[in-house]
1. In whole Å, how far is the Cα centre of segment B:1-34 from that of segment B:40-65?
2. A:R70 versus B:E71, label points 7 Å from Cα toward the beta carbon: distance in nm?
3. Shielding of B:54-63 by partners, i.e. mean partner chain Cβ atoms within 10 Å per residue?
4. From zero outward in steps of 10 Å, how is the percent of C-alpha pairs of the protein assembly as shown spread across the bins?
5. Semi-axes of segment B:1-100's equivalent ellipsoid from the Cα gyration tensor, sqrt of 5 times each eigenvalue, largest first, rounded to whole Å?
6. Could you tell me the largest-minus-smallest coordinate of the C-alpha atoms of segment A:42-93 on each of the three principal axes, in descending order and whole angstroms?
7. Just counting partner chain Cβ atoms within 10 Å, what average do the residues of peptide A:94-100 show around their Cβ?
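No lab work stands behind these numbers, since they all come straight from the coordinates. Model, not experiment: these values are computed from the prediction. Because the Cβ atoms are built from the backbone with ideal geometry, glycine has one as well, and the counts that use them run over all protein chains shown.
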There are 2 protein chains.
Amino acid sequence: MLTKRELELFKLLAESYKAFCDPKRLIIINELRKGQKSVGDLVRILATPQAAVSRHLAVLRQRGIVDARREGANVFYSLSDPLICEACDVVQRIVAARIEKHNKLVEWPMNS
Amino acid sequence: MLTKRELELFKLLAESYKAFCDPKRLIIINELRKGQKSVGDLVRILATPQAAVSRHLAVLRQRGIVDARREGANVFYSLSDPLICEACDVVQRIVAARIEKHNKLVEWPMNS
DNA sequence: CGCAAATATTTGAATATCCATATATTGACG
DNA sequence: CGTCAATATATGGATATTCAAATATTTGCG
């Protein structure tokens, strides 16, 4: 049996994971690992319309994954917690192990 | 600049994260940490229609998070990789730290 | 103030996800 | 083979997410 408190935590966790469910957001996170970047920087790196980048950043902000710091006209983004790198690394290892193991034997989500 | 290969990896990773984006799937994962469980077990634990549980399990299966093993009429599910526990723990620590830090100061995704 | 650059938000259409209901498959057993 | 229990899949409606385009906000500067 789950307490209401635990259920709320799982809901919050599920929400948090959504931050990582878009390739472009993962690229953003990956870039921010190298150091803070302005929105303009990310627009250039992603080669994606500014509105889209800003929206992805809002998703990351709302879920507490990145911090925003205004500096003049620019806003610089950075990862809010070093643990985020660790989480990304672990998941990457999981996926890598999966690719390694049953390279062509498994049902892949991309196809369906 | 990103190679096509890297882009594909980020796409696959984003897909993989989707496995964790539902509270009930997180509960399932949490239960499987304690040991393998049949679909019926999970239906009872989640108090959720069997079809819904089966669907969540299919999502987890397709993304390689769980393994299914048939035993007679029952199908037993288990986590496919111990690293999954580690990933869940890290993300939980991230969220816990966030709750701790700015308990009431931040914009929460649940409200909007 | 007025304008330009940087960033954010809104809107609407296309797509995806979730749940409940119904239906299909699979295995055990007589 | 027929039936029941266990599990899986299909369908349709409600809700959420995505992208692009347009618009709004904020800041620096003259």
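1. With segment B:1-34 and segment B:40-65 each reduced to a Cα centre, they are spaced 16 Å.
2. Between A:R70 and B:E71, the label points sit 6.0 nm apart.
3. Numbers: counts 0, 0, 0, 0, 2, 1, 0, 3, 7, 7.
Average neighbour count from other chains, rounded to a whole number: 2.
4. Each 10 Å bin holds this share of Cα pairs: 7, 32, 33, 20, 7, 1, 0.
5. Numbers: eigenvalues 137, 66, 29 Å².
Listed largest to smallest, the semi-axes of segment B:1-100 are 26, 18, 12 Å.
6. 36, 22, 17
7. Details: counts 12, 10, 4, 4, 8, 3, 0.
Mean partner-chain Cβ count within 10 Å for A:94-100: 6.
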